[in-house]
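*Asks:* Before I ask anything, here is the structure I am working with.
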Amino acid sequence: MRAACRAYRVYYTKPTAEEVAAGDYLLDHSIISYLVDPDGRFLEYFGKSLSSDEMFEKMGRVIGEWETRRWWDSVLPTWMQLDQPKATPARA
């Protein structure tokens, strides 16, 4: 879990023993949604500042670009195929 959080730059803190004893189990964390392709490669992230309409539009664009790339890679000879997306998340 820690390695995945580091790879995607997710922030979280656990409550202290005193907070748990007092009945407070607040887990502070990043609020980000990640979009990955079917092979698990990072495509985009979405922060909480986007409205649902903005997120919908951005996801549609990113998915459309991914589908276009996949189609071109299926019809072009290997030496002409587009670069594959990187497996690491983009830096914020």
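*Asks:* Which label belongs to the value computed from this structure, given these candidates for Kirkwood radius over Cα pairs in Å: [x] 13.2; [y] 16.1; [z] 18.2?
*Replies:* [y]
*Asks:* Then there's this: Using Cα pairs closer than 8 Å and at least 6 residues apart in sequence, work out the relative contact order for the chain, in percent.
*Replies:* Numbers: 71 pairs, mean separation 22.9, N = 92.
Across the chain, relative contact order equals 25 percent.
*Asks:* With only Lys, Arg, Asp and Glu charged, each at its Cβ (+1 for the first two, -1 for the last two), find how big the charge dipole of the chain is about the Cα centre; round to the nearest 20 debye.
*Replies:* Dipole magnitude for the chain comes out near 340 debye.
*Asks:* What FRET efficiency do you get for ARG69 and PHE46 if R0 is 30 Å and r is their Cβ-Cβ distance, rounded to the nearest 0.05? Each step should come with its number before you reach the end.
*Replies:* Values: r = 20 Å, r/R0 = 0.66.
According to the calculation, E is roughly 0.90.
*Asks:* Using modelled amide H (1.01 Å from N, peptide plane; none on Pro or chain starts), what sits under 5 Å from the amide H of GLU44, excluding residues fewer than 5 places away?
*Replies:* LEU35
*Asks:* Oh, and also: Suppose only helical runs count, i.e. DSSP H with n ≥ 4. What mean residue ellipticity at 222 nm does that imply for the chain under -39500 (n - 2.57) per run, divided by all residues and rounded to the nearest 500 deg cm²/dmol?
*Replies:* -11500 deg cm²/dmol, from helical runs alone.
*Asks:* What are the ³J(HN,Hα) values, in whole Hz, obtained from phi via the Karplus relation 6.51 cos²θ - 1.76 cosθ + 1.60 with θ = phi - 60°, for each residue of the range 19-26 in sequence order, with x given for Gly and Pro?
*Replies:* Here the 3J(HN,Hα) series is 5, 5, 4, 7, x, 9, 10, 7 Hz.
*Asks:* Just to confirm a number: summing +1 for Lys and Arg and -1 for Asp and Glu over residues other than PRO15 whose beta-carbon lies under 13 angstrom from that of PRO15, what do you get?
*Replies:* -3
*Asks:* Note the angle between two axes, namely the Cα long axis of helix 52-75 and the longest principal axis of the Cα atoms of the chain, as a number of degrees from 0 to 90, rounded to the nearest 10.
*Replies:* 40
*Asks:* Just to check I understand the Karplus step: with θ = phi - 60° and J = 6.51 cos²θ - 1.76 cosθ + 1.60, what whole-Hz values come out for the range 42-50, glycine and proline as x?
*Replies:* Result, ordered by residue: 4, 10, 6, 10, 10, x, 6, 6, 7 Hz.
*Asks:* Hey, what do the phi angles of the range 27-36 turn into as Karplus ³J(HN,Hα) couplings, whole Hz, using 6.51/-1.76/1.60 and θ = phi - 60°, x for Gly and Pro?
*Replies:* 10, 7, 7, 5, 10, 9, 10, 10, 10, 10
*Asks:* Along the positive direction of the dipole of the chain (beta-carbon charges: Lys, Arg +1; Asp, Glu -1; about the Cα centre), which of MET80, ALA4, VAL62 reaches farthest?
*Replies:* MET80
No lab work stands behind these numbers, since they all come straight from the coordinates. Remember, predicted model here, so these are calculated numbers, not experimental data. So basically every Cβ, Gly included, is an ideal-geometry build from the backbone, and we count neighbours across all protein chains shown.
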